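S.K.: Here's a structure for you.
The values are calculated or read from the model by the stated rules, or taken from the named source; none is laboratory data. Keep in mind that what you see is a predicted model, and the values were worked out from it rather than measured. In this analysis, Cβ positions are derived from the backbone assuming ideal geometry, glycine residues included, and neighbour counts consider all displayed protein chains.
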Amino acid sequence: MVFDYAPFTPEIMLTVILLLMSLSGLTLPVQAAPGLLDEILTLFDEINDYTVTDTTGEISSAEINESIDWIFSFFDEPEVCDPNPCQNNGVCEVLESGGFRCICKEPYIGKKCQDERNVCKKVKCGHGDCVRTYEAPFYECKCRPPYTPPTCKKASACDPSPCLNGGKCVKGRTRASFTCTCPENYSGRFCQVGPNDCYEGNGESYIGFVSQTVEEIECLPWNYYRIPFKEFEGNETIGAHNYCRNPDGDREPWCFVNDKGNLRWDYCNAKPCSEPEPVKPSRAPEKLQFSDCGKIQASMIAPRIFGGRKSLPAAHPWQVSFQVRPKGSNISFSHNCGGTLIDSCWVLTAAHCIDENEEVRVEMGGVNLEKDDPAKQFLEVEKIMVHENYTETPEALYNDIALLKLKAINGRCANETRSVRAACLPTDSFPDKTMCTISGYGATEKDHAVSPQLLDAKVLLISQKRCMSRNVYGNRMDDSMMCAGYMQGKIDSCQGDSGGPLVCQKNETHYIYGVVSWGDSCGKKNRPGIYARVTKFLDWINEKMRAV
């Protein structure tokens with residue numbers, strides 16, 4: 001038997017599909033496969049050209065079921081728990097509404113079990129430190145000898161002896177004091193450092209037992225509750241101990257310490273296995289401009305400025321410390337503002353940092369204002385250019401941008417090194433919600449002193465509409481400004497970071513997109529940081545640089 005199909009239309013085809021679904025008690029789900037309509041149109045076009053020869057005159061039930069299965073395959077509901085959206089081994093449960101919820105394992109919380117509950121928040125550890133553990137109650141008090149568990153309130157000097165490697169424990173005048181008399185060639189508070197305890201290279205492979213900084217401050221355990229331990233997971237040298245390590249490729253082993261209640265870091269008094277050979281200076285080619293802007297040669301962890309952690313050497317090679325002292329004086333320069341190197345002889349900063357009564361210099365290349373570092377460069381400022389329309393009011397700072405022309409020596413200003421590089425000027429805008437980086441020597445807590453260590457943080461670009469809404473900054477902002485951060489607060493630039501960079505990355509190139517300008521307090525809810533919008537001033541910047 002031979003017959004021809006009459007032409008189908010899309011309407012007929014959809015009617016057939018919906019009829020089949022209705023007979024099966026199904027409705028068209030919202031999540032229907034996006035390719036369904038294309039498949040139908042393609043099929044109906046092909047059917048119009050078909051001439052089918054049926055030698056039997058009958059269609060088997062298997063063929064009918066196969067066709068129906070093909071249709072229904074487009075309507076399979078997506079599996080919201082596959083892959084599992086829950087982090088930290090959370091269990092995903094499908095809800096009747098079509099959504100999901102995560103059943104989190106202790107001590108994790110959050111919609112996707114992404115946050116860790118602060119189990120140490122209300123714990124009192126006496127003369128000890130609260131550290132994380134992997135078993136309930138997920139914390140313990142790590143007592144400092146001679147204090148004993150579990151509360152670290154009772155002292156028992158030399159009983160048992162905390163001294164290692166045959167060291168002798170000698171009681172002091174009080175029940176809580178003691179010293180360890182170490183055998184020859186052993187050192188450390190507990191004689192734990194042996195004669196062969198040293199590190200090779202920069203100490204990334206160091207697994208020795210030094211637990212004091214160069215200032216002889218005892219290190220905190222790596223699982224101390226305020227240390228971002230998760231960032232070091234997978235590093236076999238990090239664990240439930242307080243020995244110096246180098247998990248992030250710094251120049252030598254380091255550790256975190258408790259400095260009057262504030263978390264900070266410092267290098268350790270571990271010794272290298274051999275003295276590094278002095279590097280023979282090589283004559284650099286004469287050039288006024290840097291070879292390549294916006295590139296770095298360092299891995300990065302994600303520290304914070306407001307409540308922050310350390311920045312790695314060379315992680316922000318364009319970062320500048322804008323330093324001042326009264327004109328005509330011989331006192332030491334002190335950090336006043338941040339800045340961004342945009343060319344060998346040019347630094348971008350904020351106009352409100354400029355005071356005509358002050359002498360200015362810049363420091364770049366280091367990560368600690370108080371430590372000597374061969375990577376540091378110090379340069380005098382030859383000329384300062386403040387934007388002609390800069391205006392300071394009680395409400396806001398307008399056109400808050402300035403340029404520093406550095407003084408050249410033998411035709412050169414800053415020397416391009418691993419630790420000193422220029423950031424690129426942006427060529428176009430970055431979209432809202434882009435994750436960018438702020439860096440500087442700002443206060444780590446409101447009203448605290450400037451941090452001597454370079455800190456950094458990740459912040460989100462916030463839409464201009466949101467920034468100018470009534471419950472944020474309203475009409476105090478204009479198009480020369482932008483805001484970035486988090487509406488819930490906590491992470492923010494702060495005093496001492498003024499003039500510093502907000503840098504956004506694209507294709508592994510870093511662009512100076514904002515200059516830290518002003519804001520209400522630090523890390524306050526609904527008060528993200530305000531930045532001078534660099535794209536607004538590109539013509540002004542290029543004009544000033546060409547004119548000199």
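S.K.: Pick from Leu341, Leu312, Leu348: which is buried (at least 19 other Cβ atoms within 10 Å of the Cβ), modelled with pLDDT of 95 or more and under 30 Å from Trp254 (Cα atoms)?
M.R.: Within the list Leu341, Leu312, Leu348, the selection yields Leu341.
S.K.: Does segment 83-103 contain any residue that is among the β-branched types (Val, Ile, Thr), part of a loop (DSSP other than H, G, I, E, B) and within 29 Å of the chain's Cα centre (by Cα)?
M.R.: no
S.K.: Only one of (1) closer than 20 Å to Asn542 by Cβ; (2) assigned to a loop (DSSP other than H, G, I, E, B) is not met by Met385, so which one is it?
M.R.: (2)
S.K.: Can you tell me which condition Ala375 does not meet? The list is (1) crowded, with 18+ Cβ neighbours inside 10 Å; (2) of a type in the set (Gly, Ala, Ser); (3) over 21 Å from Glu543 (Cα atoms), and all the others hold.
M.R.: (1)
S.K.: If you don't mind, another one. On the basis of being under 22 Å from the mean Cα position of the chain (by Cα) and within 20 Å of Leu538 (Cα to Cα), does Trp346 make the cut?
M.R.: Working: under 22 Å from the mean Cα position of the chain (by Cα): no; within 20 Å of Leu538 (Cα to Cα): yes.
The answer is no for Trp346.
S.K.: Could you tell me which residue of segment 171-197 is surrounded by the fewest Cβ atoms within 10 Å (Cβ to Cβ), considering only residues that are under 16 Å from Lys271 (Cβ atoms) and touching a Phe, Trp or Tyr at 6+ places or on another chain (Cβ under 8 Å)?
M.R.: Pro195
S.K.: Sticking with this one: Which pairs have Cβ atoms under 7 Å, sit 6 or more apart or on different chains, and link a residue in segment 87-104 that is over 17 Å from Arg117 (Cβ atoms) to one that is assigned to a strand (DSSP E or B) and of a type in the set (Asp, Glu)?
M.R.: That search, which allows pairs on different chains as well, returns Phe100/Glu93; Arg101/Glu93.
S.K.: Here are the criteria: (1) over 30 Å from Lys122 (Cα atoms); (2) assigned by TED's automatic domain parsing to the domain that holds Leu263; (3) at pLDDT below 90. Tell me which single one Val210 does not satisfy.
M.R.: It is condition (3) that Val210 fails.
S.K.: Sticking with this structure for a sec: In segment 463-522, what residues are crowded, with 21+ Cβ neighbours inside 10 Å, polar (S, T, N, Q) and modelled with pLDDT under 90?
M.R.: Listed by number, the residues that qualify are Ser493, Ser498.
Let's see how each residue does on (1) touching a residue at least 60 places away in the same chain (Cβ under 8 Å); (2) part of a loop (DSSP other than H, G, I, E, B):
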{"position": "Val123", "(1), (2)": "no, yes"}
{"position": "Lys142", "(1), (2)": "yes, no"}
{"position": "Pro145", "(1), (2)": "no, yes"}
{"position": "Pro150", "(1), (2)": "no, yes"}
{"position": "Ser161", "(1), (2)": "no, yes"}
{"position": "Asn165", "(1), (2)": "no, yes"}
{"position": "Asn185", "(1), (2)": "no, yes"}
{"position": "Asn196", "(1), (2)": "no, yes"}
{"position": "Tyr206", "(1), (2)": "yes, yes"}
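S.K.: Only one of these conditions is not met by Glu275: (1) exposed (fewer than 15 other Cβ atoms within 10 Å of the Cβ); (2) at pLDDT 70 or above. Which number is it?
M.R.: Exception for Glu275: condition (2).
S.K.: Report whether or not Asp400 is in a strand (DSSP E or B), buried (at least 16 other Cβ atoms within 10 Å of the Cβ) and among the acidic types (Asp, Glu). Before the answer, list the steps.
M.R.: On the way: in a strand (DSSP E or B): no; buried (at least 16 other Cβ atoms within 10 Å of the Cβ): yes; among the acidic types (Asp, Glu): yes.
So Asp400 fails the test.
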